[in-house]
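Everything below concerns the one structure shown next.
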Amino acid sequence: MATIMDDRRPFPEDLILDVLLRLPVESLLRFKCVCKHWYALIKSPSFIEKHFHHKNNCARLLVCNLKVAYEGHVPVRSVVFSLFPKKIVPGVTPEQKTLLQLPRVSDFTCVAGPVDGLFLVQKKFYGDVRLGLWNPATREFRPLPPAPFDIEDFFSDHDHKFGLGFDLLTQDYKVVWIRVFWDEDGQGVYPCVFACVYSSCNNSWKNLTTEIPSSCTLSAPLDATYLNGVYYWLSRGLDEIYSIRSFDMGTEQFGEMQGPNIPSKHWGALTLRGGSLAMLAGDPGKPMTSIYDVWIMNQEEGSWSKVLTVQPRIDAHWPRNIWENDKMVFEINETSQLVLYDPVTTEVTDLGFQLDLSIAGCWVFNYKESLAPIKRGNESQGQDNAVEQIEHFFHMLPIDPQTSDDLD
């Protein structure tokens, strides 16, 4: 390894490695220019993995907030991705760092993730749905090619779910996409379930065979529920019983397992907690009286155990995620605030957001920055071009001079 000289004494190689592992991604991207060896080191898979799991790279709250404003009678959307500091002081609204701002965007629909610091973003223009992979830390972006769903013209897109994960054997980031179509024109075709999987190494999709019934409802998780090569969804059938559906990124096979034993009338959502698959279940929304249970799955045995019960003493609300194992993030219905609730101290911290509750436009993530690449070989590009590409992936509405004058 290249060394740094101080009075003709080189720093030990292991000391240099230790220092580099402690640095944020922004600094490491600059330090790739120091020398060829540092460039190769920082891009190496082993360094990327060590850096991601280093104790200095703490999980932080990241919020994506979608809002709709009106210019005259025209609805105009805006999307902001905001990152919170590592330490949130109870009772003090924390400062936010804007990672990405998409003003006047017309086709942004949702975001999923993160897995190894990567997000999956979606846009939809009429029936055309497109996806892209984004690393906020390196500012790399990759639009995915169209998926090869072989559907009839009279099919109506009823529901769809995504799963982003990593094939541990081939070192390949993959996206599994499940779509349910209904026959609304009475052509005699029952609801159909289609699935396909995307490989980042090949930059291509392929169709899959799935045994997930059309009567099964998959719920979007609170956070990315990828764990050790497998992605998980919460499932509910006509019998109203919860179960867990899974997709193995290596074998590309779907599976099903038993969920925790919770009442069918209760709401539930999957997330990750302390490196384990978790389920948050309860009777949300009730002022002062809602009770939530947190269940953890033993991945080897497939069994579930209840590890936490929380009864937040707050107004009518909706749960958004778990933070630091026991704290919870809620949106408050009456004030449209996003708050952090500590069940130990009962402290409520305003996170400084004014949400648009008329749309389901708030996502709260546990995020760790990463050097993970999403481009291969000659696809690599400078950071500035990458930022332009993610902005150009979405359609931005032009400012209407007449509307602007009317608003003035």
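A few remarks follow.
- Test for residue 293: is it under 24 Å from residue 166 (Cβ atoms), of a type in the set (D, E, K, R), surrounded by fewer than 21 Cβ atoms within 10 Å (Cβ to Cβ) and in contact with a strand residue (DSSP E or B) (Cβ under 7 Å, 6 or more places away or on another chain): no
- Among all residues of region 212-233, there is none that is open to solvent by 60 Å² or more (accessible area, probe 1.4 Å), of a type outside the set (D, E, K, R) and farther than 27 Å from residue 366 by Cβ.
- Residue in region 242-257 that is in contact with a strand residue (DSSP E or B) (Cβ under 6 Å, 6 or more places away or on another chain) and on the phi > 0 side of the Ramachandran plot present: yes
- Some residue of region 325-338 being within 20 Å of the chain's Cα centre (by Cα), closer than 30 Å to residue 200 by Cα, open to solvent by 10 Å² or more (accessible area, probe 1.4 Å) and of a type outside the set (Gly, Ala, Ser): no
- Within region 267-284, the presence of at least one residue that is over 29 Å from residue 80 (Cα atoms) and in contact with a Ser or Thr (Cβ under 9 Å, 6 or more places away or on another chain) is confirmed.
- Qualifying residue in region 303-316 (condition: under 14 Å from residue 350 (Cβ atoms) and open to solvent by 20 Å² or more (accessible area, probe 1.4 Å)): yes
- Scan of region 223-247 for residues that are among the small types (Gly, Ala, Ser) and either part of a loop (DSSP other than H, G, I, E, B) or within 15 Å of the chain's Cα centre (by Cα) (or both), ordered by number: 224, 229, 237
- Pair list, Cβ under 8 Å, 6 or more apart: region 248-265 residue more than 18 Å from residue 294 (Cα to Cα), other residue part of a loop (DSSP other than H, G, I, E, B) and open to solvent by 90 Å² or more (accessible area, probe 1.4 Å): 249/168; 250/168; 250/169; 254/211
- Odd one out for residue 67, checked against (1) open to solvent by 60 Å² or more (accessible area, probe 1.4 Å); (2) closer than 30 Å to residue 205 by Cα; (3) of a type in the set (D, E, K, R): (2)
- The lone exception for residue 203 - which of (1) touching a residue at least 40 places away in the same chain (Cβ under 8 Å); (2) under 30 Å from residue 290 (Cα atoms); (3) surrounded by 13 or more Cβ atoms within 10 Å (Cβ to Cβ) it fails: (2)
- Residues within region 107-129 that are of a type outside the set (Val, Ile, Thr), within 16 Å of the chain's Cα centre (by Cα) and over 15 Å from residue 367 (Cα atoms), tallied: 4
- When we screen 20, 15 for residues that are among the aliphatic types (A, V, I, L, M), open to solvent by 70 Å² or more (accessible area, probe 1.4 Å) and outside any strand (DSSP E or B), the only hit is 15.
- Candidates in region 122-150 are the residues that are farther than 15 Å from residue 369 by Cα and touching a Gly at 6+ places or on another chain (Cβ under 9 Å); of these, the one that is surrounded by the most Cβ atoms within 10 Å (Cβ to Cβ) is 142.
- Summed over region 337-353, residues that are in contact (Cβ under 8 Å) with a residue 24 or more places away in the chain, out of contact with any Cys (no Cβ under 9 Å at 6 or more places or on another chain) and in a strand (DSSP E or B) total 8.
- Selection from region 360-389 of residues that are open to solvent by 40 Å² or more (accessible area, probe 1.4 Å), part of a loop (DSSP other than H, G, I, E, B) and modelled with pLDDT of 80 or more: 368, 369, 373
- Residue match in region 45-61 (condition: touching a residue at least 12 places away in the same chain (Cβ under 8 Å), closer than 23 Å to residue 354 by Cα and either part of a loop (DSSP other than H, G, I, E, B) or not aliphatic (A, V, I, L, M) (or both)): yes
- Test: residue in region 26-37 that is part of a strand (DSSP E or B) and modelled with pLDDT of 90 or more: no
- Scope region 96-121; condition modelled with pLDDT under 95, open to solvent by 40 Å² or more (accessible area, probe 1.4 Å) and part of a loop (DSSP other than H, G, I, E, B); matching residues: 96, 106
- Among the residues making up region 234-261, a single one is among the aromatic types (Phe, Trp, Tyr) and either out of contact with any Gly (no Cβ under 7 Å at 6 or more places or on another chain) or surrounded by fewer than 16 Cβ atoms within 10 Å (Cβ to Cβ) (or both): 254.
- The requirement of being at pLDDT below 90, open to solvent by 20 Å² or more (accessible area, probe 1.4 Å) and not aliphatic (A, V, I, L, M) is fulfilled somewhere in region 271-282, by at least one residue.
The values are calculated or read from the model by the stated rules, or taken from the named source; none is laboratory data. Computed from a predicted structure; not experimentally measured. Note that we place each Cβ from the backbone using ideal geometry, even for glycine, and neighbour counts take in every protein chain shown. The accessibility values were calculated without ligands, DNA or RNA, using every heavy atom of the protein model including side chains. Shrake-Rupley method; radii C 1.70, N 1.55, O 1.52, S 1.80 Å.
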